[in-house]
Structure formats: C-alpha cells, structure tokens
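Take a look at the structure below.
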Amino acid sequence: ELLVTMVIRYANNPIKCRTEEDEEMEMPVAQFINEQLQTDNMQLPSAPCRQILEEALAHCTENEWNPIVYFNQHTNVEISTLASRLSEVPFALSSNQQAQYVEERYRLEEVVPRLVHDFKHAVIKERLKDLLRELGRPEVMSQPERYNAVMKEYMALCHVERMFAQVLGDRVVLK
C-alpha cells in the first residue's frame, strides 16, 4: 500500500531518475513506479491498486490534475475509500519534530525508489516461501525433474533476494 500511497499523494510530481544509459531524466512518480514494476514483470497486488496506478498514468501529465482530490472523489467506492485512508497523514508532529522534519514530497527521489525496492523484495520473499512449501510437498518430492526445477528456481531467487537485501541494507548471511 505504500506505493499506492505515493501514487495517490504524488502521482504527477516529477522525480529525477537514471536511464539504462546512465542519463538523468525526470518523470512523474506514477510513471516511475509503473516502469520499475514492468521492468521485473510485477504488478500491484490488488485490482483497486492497479486501477489507481492505471488512472494516475492516464492523468499524471495534466498540469492541473490533483491526484488526492481525484481519487478521494472517485466513483468506485472501493478506490475512494482506499484513497481517503491513504491520503491522510496518520500522525501529528510536535513543534520540535516539525522543525527537523523534511516532508516526503521534498524527498521523493529517495523515498519512491526505496519503496519500489521494498515492494520487490517483499514479492521475492513471498515467492521463496511458496517455493519452499512446494519443495516440501510429497508429489513434488516424488518427481525428481520437477523437484530439481523448483530447486533451481529457489536457488536463483535466493541469489536475487540477497542482492536486494544488500541494496536495502538488510543483514545478509552467506552460507
């Protein structure tokens, strides 16, 4: 939901990023999130979240478009409820904290890529759990070819997961 929160709050805000050719460019937050997910053939987990991203992509280049207002007043009740829940700030800062706090809208180049990586890492970890469950099933154990294929996928994903963990700063224990 954190990625969708960024889409609802900042879909049309520009974010600086690097292309594959290592050139710096700007694009709207919604477009950045979509391109990052498409690169790895991933999508947001629920239909309302995917619809929010799709509609944000359609409107994010419009100058006067306000994503918070648009999604809070959406005709789909599920989307408007989700948007109203995600668009509000869940806490109030003291005056001392406010003096030190830098709003996330000024840190989008830091926050959005981190959230994308966190999302991808969570998807990979969930897939690893699924593969482990599959490896423990008797019908998979009794078929050596299938067992080996699942084990190869598991090992490859473990490698990818370790790389993500290093980027995200998690502790990585190599065995």
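Filtering the stretch 10-40 to residues that are within 16 Å of His117 (Cβ to Cβ) and within 17 Å of the chain's Cα centre (by Cα) leaves Ile15, Cys17, Val29, Phe32, Ile33, Asn34, Glu35, Gln36, Leu37, Gln38, Thr39, Asp40. For the stretch 36-61, which residues satisfy the criterion of being in a loop (DSSP other than H, G, I, E, B), among the hydrophobic types (A, V, I, L, M, F, W, C) and either out of contact with any Phe, Trp or Tyr (no Cβ under 8 Å at 6 or more places or on another chain) or within 19 Å of Leu86 (Cα to Cα) (or both)? Of everything in the stretch 36-61, those that are in a loop (DSSP other than H, G, I, E, B), among the hydrophobic types (A, V, I, L, M, F, W, C) and either out of contact with any Phe, Trp or Tyr (no Cβ under 8 Å at 6 or more places or on another chain) or within 19 Å of Leu86 (Cα to Cα) (or both) turn out to be Leu44, Cys60.
So if I check each of Thr75, Thr5, Thr19, Thr39, which one is surrounded by 13 or more Cβ atoms within 10 Å (Cβ to Cβ) and hydroxyl-bearing (Ser, Thr, Tyr)? Working first, answer last.
Details: Thr75 fails: surrounded by 13 or more Cβ atoms within 10 Å (Cβ to Cβ); Thr19 fails: surrounded by 13 or more Cβ atoms within 10 Å (Cβ to Cβ); Thr39 fails: surrounded by 13 or more Cβ atoms within 10 Å (Cβ to Cβ).
None of the other options fit; the residue is Thr5.
Tell me which residues, restricted to the stretch 149-162, are of a type in the set (A, V, I, L, M) and within 17 Å of the chain's Cα centre (by Cα).
The first filter runs over the stretch 149-162 and keeps only residues of a type in the set (A, V, I, L, M), leaving 149-151, 155-157, 160.
The answer is Val160, and nothing else.
Once the stretch 139-172 is narrowed to residues that are among the aliphatic types (A, V, I, L, M) and farther than 30 Å from Pro113 by Cβ, the residue that is most open to solvent (accessible area, probe 1.4 Å) is Met141.
The values are calculated or read from the model by the stated rules, or taken from the named source; none is laboratory data. Quick caveat: nothing in here was measured; it's all calculated off a predicted structure. No Cβ is skipped: glycine too gets one built from the backbone with ideal geometry, and neighbour counts run over all protein chains shown. Just the protein is used for accessible areas: all its heavy atoms, side chains included, with ligands, DNA and RNA removed. Shrake-Rupley method; radii C 1.70, N 1.55, O 1.52, S 1.80 Å.
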